[in-house]
Amino acid sequence: MTSLKYQIKVKVILRRLFLIILVFCFLAYLSYYSANIYSDIEEPYPFPTLPGFGTAPKYQNKVHNATVYFKEDALLKDSLKLTAIFEEIPKNAWNQVLKHEFIGKNPETKEWLQEHYQIGRYDYAFYVMDSCFLRLNQIKCIKKDTVILFK
Amino acid sequence: MHQKRHGNTLQIKLDNWLFNNDFNENALEIFGKVYVLFAIFIYGIGETYGNSFVKLAQAPDIFFNPPLSIAQLFTGFPDIVTAWGLDILLHVLFGLAFFSIKPSLVYCLIFLLLYLANSLGMSFGKVNHNFVSLILPLILSLGYFLKAKSPSHIGFTKSIYAFLIGFAFFTAGLPKLFAGDWVAIWQHSVKNYAVNFAIFDNPLSKVLGFNNFIFNVSDMFWEFLDYFTLGFELLFLPAAFKHKHFHYFLLLASVFHLGTYFFLEIGFFHHFLCYLFFINWRNFPKLYSAFEKLNNLGIKQKLFFAFLFVPLGLIPNSLFYGLESLENELIRNLGALTFSLFFVAIFAMNIRSYLVNDFKKIKFELTGLWFRNE
């Protein structure tokens with residue numbers, strides 16, 4: 001079991017395993033990155049982007065359909081309005097949704113929420129359990145325990 | 001341990017990195033047990049991996065929409081009876097793993113169950129960072145396999161896991177680089193997160209006076225944090241190829257997670273456990289001898305204690321989960337702060353020997369330069 005020949009054989013197998021994992025990781029990520037991650041966005045990102053040529057104006061154009069509230073108007077200054085997008089909803093509705101830890105990305109989610117929480121005036125509702133990088137409807141940053149409502 | 005070879009060819013360098021490090025059978029044995037204790041009693045399986053089966057079973061099937069994964073073989077979430085069965089099975093498997101009963105097979109089964117739970121959980125559209133902790137049982141399975149079949153190559157597990165963690169950070173940094181707003185000097189992405197955090201009137205941010213701080217500090221500070229995050233995440237991958245640098249990055253990562261939780265409210269608590277894999281377990285010989293006694297128990301005793309993990313693990317679903325569900329947010333945050341600082345201290349102590357050596361080297365270089373100038 002511990003002969004030199006056996007040791008070399010194991011070493012070669014492990015070395016090849018590492019190389020396979022290395023190649024797989026990069027190929028899988030590249031395919032995911034290029035084919036999937038921006039598929040929800042109508043206009044693709046400039047790829048790659050040079051420093052100073054951000055995509056923020058695109059966000060500004062895209063978010064006009066979403067009902068977005070800021071707690072303080074002062075935050076609408078500067079670039080914050082371009083990236084800090086989240087919802088503030090009535091406290092009673094907030095508490096109701098917080099009792100259930102669901103996120104829906106299916107269109108049917110809307111019906112479920114309408115049925116249970118009477119959020120009928122919105123077309124889409126997303127409940128986010130954790131801060132994440134959800135790229136639906138051009139929303140970039142979403143706060144933990146946030147409900148995003150779209151008209 | 002694998003014999004270090006000398007030479008400059010890529011293959012020799014690769015072999016030295018892959019197989020020649022401080023990870024050995026004892027380290028595997030200690031970490032395997034520490035991992036189980038943390039996963040079951042401190043974090044809880046649902047917390048460590050985001051989704052327990054019981055939690056999934058409570059979701060209506062209308063949410064069932066898994067991405068390309070093993071979950072597509074199913075037509076909905078498991079019913080509550082199956083879910084309890086699977087969660088209990090997971091606890092039993094963790095118990096068996098703790099007592100090193102067929103560890104290679106058991107860790108592999110744990111990985112498969114957790115992978116299934118996470119695949120089902122991805123139905124909710126959540127892009128999470130659980131991969132790093134999800135893959136850990138598979139790495140441990142490989143470690144135990146190598147321990148049995150070829151102990152001199154056990155260092156491979158450390159190298160491959162370091163690479164995967166480095167790659168995970170790299171993939172977090174790359175979209176930031178290409179999205180543009182992290183590199184654009186007039187946009188401050190970290191500030192955006194910080195404002196989100198402050199605006200929700202978090203009690204800890206009030207105590208720290210953080211709300212005033214974020215609106216008064218210079219934008220240069222925020223831009224520095226943007227670039228620091230980018231550099232840290234992108235350089236984690238090359239650092240993985242040098243074990244010493246990787247240890248420095250682990251300390252940076254633990255401080256980074258502490259900062260992201262307390263200033264941006266993005267928690268990565270399960271990552272701390274993964275980083276523990278890399279610390280120098282040779283510094284804990286007493287822990288090894290204590291665990292060794294457990295391995296010497298008879299099989300009946302082992303099985304009895306392994307099954308005890310079910311009631312102990314399920315009630316009250318871990319300390320950390322209890323902490324997370326505390327109503328008082330300030331106490332909860334202070335608890336999390338203590339928890340995070342504990343890990344930061346561990347990783348700081350872990351690089352102590354590297355720091356001392358590096359400091360001596362720098363001092364030697366500087367004094368050498370001074371003498372030459374004289």
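In this simple spin-label model, placing a label point 7 Å from the Cα along the Cα-to-Cβ direction at both B:Lys149 and B:Val207 gives a separation of 5.1 nm. Estimated from the Cβ-Cβ distance and a Förster radius of 56 angstrom, the FRET efficiency linking B:Ile362 and B:Lys102 is about 0.70. Give the separation of the Cα centroids, the range B:2-27 to the range B:208-222, in Å. Centre-to-centre distance over Cα atoms comes out at 46 Å.
Using a cut-off of under 17 Å, list every residue of the range B:238-267 whose amide N is near the label point 7 Å from the Cα of B:Leu334 along the Cα-to-beta-carbon line. Zone members listed by number: B:262. With a Förster radius of 41 Å applied to the C-beta separation of B:Asn280 and B:Gln58, the computed FRET efficiency comes to 0.45.
Summing Lys and Arg as +1 and Asp and Glu as -1 over all other residues whose Cβ lies under 14 Å from the Cβ of B:Pro103 gives a net charge of +3. For peptide A:9-18, the mean count of partner chain Cβ atoms within 10 Å of a residue's Cβ comes to 5. Legend: mean number of C-beta atoms from other chains within 10 angstrom of residue C-beta atoms, peptide B:8-18, equals 1. Look at the stretch B:342-351: the mean tally of other chain Cβ atoms within 10 Å of its residues' Cβ atoms is 0.
What the Cβ-Cβ distance of B:Met220 and A:Lys9 gives, at R0 = 60 Å and to the nearest 0.05, is a FRET efficiency of 0.60. In a fully extended conformation the segment linking B:Lys13 and B:Leu89 would gain 23.1 nm over its present Cα-Cα distance, using 0.36 nm per residue.
We did not get these values from a lab; they are worked out from the coordinates using the rules stated. All figures in this text were calculated on a predicted structure; none of them were measured in a lab. Neighbour counts run over all protein chains shown; Cβ positions are idealised from the backbone, glycine included.
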